[in-house]
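The structure appears right after this line, and notes come after that.
The values are calculated or read from the model by the stated rules, or taken from the named source; none is laboratory data. Remember, predicted model here, so these are calculated numbers, not experimental data. Every residue, glycine as well, gets a Cβ built from its backbone with ideal geometry; the counts of neighbours run over all protein chains shown. SASA here: full protein model, heavy atoms, side chains in, ligands and nucleic acids out. Shrake-Rupley method; radii C 1.70, N 1.55, O 1.52, S 1.80 Å.
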Amino acid sequence: MKVFGYKKASEDLMELKEVSFQCNIIELDKIIEFLQHIKHEHGKVGLKSEICHSHFRDWDDKWTQDSTDIIVVTNSNN
């Protein structure tokens, strides 16, 4: 697994050494629900596509522009 991110107001993608989530229990439950949903959906794609990706912002109807997006990319070749 690799984790990538951007500095605020930057377009320079960088590999991260560590990821921290600062959230409450309700937000943590929402992240877990999102990841379970993505696991199921990406599992259905399987070998039909080399790479599949999903955005938290597309999944969560309460997501706002000032919120952080979580993007999950799965690669069927790995």
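When ranked by the protection proxy of mean other Cβ atoms within 10 Å per residue, highest first, what sequence do the peptides 32-40, 51-59 form?
Values: 32-40: 13.0, 51-59: 14.8.
In descending order of packing, they fall as 51-59, 32-40.
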Discussion item. Counting only protein heavy atoms and a 1.4 Å probe, tell me what percentage of the stretch 24-77's accessible area is made up of carbon and sulfur.
Written reply: 54
Practice prompt. For the stretch 26-32, take each phi angle, set θ = phi - 60°, evaluate the Karplus expression 6.51 cos²θ - 1.76 cosθ + 1.60, and give the result in whole Hz per residue in order, putting x for glycine and proline.
Written response: 5, 5, 5, 4, 5, 5, 4
Worksheet, complete the sentence: PRE zone check, label point 7 Å out along Cα-to-Cβ of Arg57, amide N under 17 Å, scope the stretch 1-42, hits 4-14
Practice prompt. Could you point to the residue in Gln65, Leu13, Asn75 farthest towards the positive end of the chain's charge dipole, with +1 and -1 charges on the Cβ of Lys/Arg and Asp/Glu respectively?
Written response: Asn75
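Once you have the Kirkwood Rh of the stretch 24-77 from its Cα pairs, apply Stokes-Einstein at 10 °C and 1.306 mPa s and quote D in µm²/s. Each step should come with its number before you reach the end.
Numbers: Rh = 12.0 Å.
Value of D from the Cα-based Kirkwood radius: 133 µm²/s.
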Worksheet entry | Per residue solvent-accessible surface (Å²) - the chain, probe of 1.4 Å | 90
